[in-house]
Amino acid sequence: MREIEVAKVTQGVKQAAIDANYEASADLLAALARGAAAEESESGREIFRQLLENAGIAREERVPMCQDCGLAVVFVELGQDVHLVGGSFEAAIQEGIRQGYGEGYLRKSLCHPLTRANTGDNTPAVIHTEIVPGDRLKLTVVPKGGGSENMSRVHMLKPAEGWAGIKEKVVGTVREAGPNPCPPIIVGVGIGGSFEQAAYLSKKSLLRELGLPNPDPELARLEEELLLAVNDLGIGPQGLGGRITALAVHLLMQQCHIASLPVAVNIQCHASRHREVIL
Amino acid sequence: MPKTVKLTPPLTNEDVRNLEIGDKVLVSGVIYTARDAAHKRLLDLLEAGKPLPMELQGQILYYVGPSPARPGRVIGAAGPTTSYRMDSFAPTLLRLGLKAMIGKGKRSPEVIAAMKEYQAVYLGATGGAGALISRCIKDARVIAFPELGPEAIHRLEVEDLPAIVINDCEGRDLFEIGVARYRRSPAPK
């Protein structure tokens, strides 16, 4: 049994929230550079150029790359041989978000659903915890923007609709979103599980490094098919028309009920932000 | 052929009629920010017959909720938010003389029709380029609803803030035309 002080969790989450918002990751920058090279439309290339310049300014001037610093989603992989000491684990994560969004001059975007009163510190974060073998703790902070989240959908298909139905729902969700979620986007797709599990898978799929193929060759092939279909829509960067509507499609799949075929599509804007902390 | 136009409010009907979809604009001068919550407050004031915190005639609204300014900076990141959430409010403000809106994403047929009726345009700024756009903002101050935090109405002084004409006052839509040029799959029904 390895002990980890929850104060280290707070410190790690705080720094991850700040860094995620200021520093575009290397995989995202590489994907934007590939997009810029592949885009045929002049306005699309101009958008890619602006996004790369924007990332440079954010990093140099320590200003968020996007003013929507997101709802903080925190993915936790907790080793089963870890003993967390010194206080509440969840409270430590929330405190890290509170400090990071305060000290990092990040926008506080969380509010009461009905009164719309802002909580003032960007808490509460949404926390997903998986217990895994080992004695390490991995925290991934994902600031998720509202504009792209609003364009995300869960569909409960009939099993008979099969792959063709899934494909139409993925493409249809992107088509309906059009320019709204800040294309070029990354499309996270979760297939199977239950209603909420499909949505969870779709978001979790976005954590994979851009440019890396799916480790499952069959899923990798399906991702390529979906990416071609999505980019055939012609929406392009910012919806002005172009070849690159999506930088990637990421897919996670698991078994589901014999009566069901859940499909979730989580749209991620080009400001795909995530930072890992390993304790 | 798209042109580049410098715009400084207050705008006249002639300024607006000169703009066509695809034109690049560089906005300078004073503009005002407003998001969902601020729009609701503005409409509530109008309904109560009370004055608005700013003049609308000829003005430009920027749909943005900036991030806080670090000491020594004018403003934090300040890119556009998605405009459709303001669609239910926009026709009323257009009727009162609003001449342009800056945001990202598509507008409803009702807003496009109102732009045609009242002679106004919708300008798209680059979503997610908040750090880049912040360089065009020379001064920022909250003039109404400070309790709304990032959703408060700010008066911004901007210099050459870049945007593109998405909807002109003839009812045309750059998104439809641009996407049709690159679409390889059947058009949506």
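Key figures for this structure:
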{"quantity": "Residue of A:ALA55, A:ALA33, A:ALA164 that the Gaussian network model of chain A assigns the largest fluctuation, springs spanning Cα pairs under 10 Å", "calculated": "A:ALA164"}
{"quantity": "Loop trypsin sites (Lys or Arg not before Pro), the range B:141-180 (other Cβ atoms within 10 Å of the site Cβ: 10 or fewer; DSSP)", "calculated": "none"}
{"quantity": "Of the GluC sites (Glu not before Pro) in the range A:146-227, those whose Cβ has at most 14 other Cβ within 10 Å and which sit in DSSP loop", "calculated": "A:GLU209"}
{"quantity": "About the Cα centre, charge dipole magnitude for chain A (Lys/Arg +1, Asp/Glu -1 at Cβ), debye", "calculated": "440"}
{"quantity": "Positive-end extreme of charge dipole, the range B:1-97 - chosen from B:GLY76, B:MET86, B:ASN18 (charges on Cβ)", "calculated": "B:GLY76"}
{"quantity": "Largest to smallest principal axis extent of the C-alpha atoms in the range A:57-186, angstrom", "calculated": "52, 39, 37"}
{"quantity": "Span-rule helices in chain A, defined as complete DSSP H runs reaching 15 Å or more along the axis (Cα) with Kyte mean at least -0.5", "calculated": "A:6-22, A:26-38, A:162-177, A:217-231"}
{"quantity": "Of B:PRO53, B:GLY149, B:ALA125, farthest towards positive along the dipole that unit charges on Lys, Arg, Asp, Glu beta carbons give the range B:4-182", "calculated": "B:GLY149"}
{"quantity": "Ranked list, fewest to most other Cβ atoms within 10 Å of each Cβ, for A:ILE258, B:ILE31", "calculated": "A:ILE258, B:ILE31"}
{"quantity": "Simple Cβ-charge dipole of the protein assembly as shown, Lys/Arg +1 and Asp/Glu -1, about Cα centre, in debye nearest 20", "calculated": "540"}
{"quantity": "Signed unit charges on C-beta, dipole axis of the range A:147-271, positive-most listed residue A:GLN268, A:ASN180, A:ALA248", "calculated": "A:ASN180"}
{"quantity": "The range A:71-141: mean projected area of Cα convex hull, nm²", "calculated": "5.3"}
{"quantity": "Isotropically averaged projected area of chain B, using the convex hull of Cα atoms (one quarter of hull area), nm²", "calculated": "11.2"}
{"quantity": "Distance between the range B:146-189 and the range A:92-142 - C-alpha centres, whole angstrom", "calculated": "31"}
{"quantity": "Likely footprinting exposure, B:THR8, A:THR10, A:THR123, A:THR245, fewest C-beta neighbours within 10 Å first", "calculated": "B:THR8, A:THR123, A:THR10, A:THR245"}
{"quantity": "Burial ordering of B:HIS39, A:HIS257, B:HIS154, fewest other beta-carbon atoms within 10 Å first", "calculated": "A:HIS257, B:HIS39, B:HIS154"}
{"quantity": "Distance between the range B:91-121 and the range A:223-279 - C-alpha centres, whole angstrom", "calculated": "32"}
{"quantity": "Gain in span if fully extended, A:ALA7 to A:GLN255, counting 0.36 nm per residue against the direct Cα distance", "calculated": "85.5 nm"}
{"quantity": "Dimensionless Rg/Rh of the protein assembly as shown - Kirkwood Rh, Rg from C-alpha atoms", "calculated": "0.98"}
{"quantity": "Cβ charges +1 (Lys, Arg) and -1 (Asp, Glu), total dipole of the range B:4-182, debye", "calculated": "460"}
{"quantity": "Calculated FRET efficiency for the pair A:ALA33/A:LEU228, C-beta based, R₀ 25 Å, to 0.05", "calculated": "0.75"}
{"quantity": "Cysteines without a disulfide-compatible neighbour (Cβ-Cβ under 4.7 Å), the protein assembly as shown", "calculated": "A:CYS66, A:CYS69, A:CYS111, A:CYS256, B:CYS136, B:CYS169"}
{"quantity": "Whether chain A is rounded, prolate or oblate, judged on the alpha carbon gyration tensor where a/c under 1.5 counts as rounded", "calculated": "oblate"}
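Only the coordinates and a few stated rules stand behind these numbers; no lab work does. Just so it is clear, the model here is predicted, and its values are computed rather than measured. All Cβ positions, glycine included, derive from the backbone under ideal geometry; neighbour counts span all protein chains shown.
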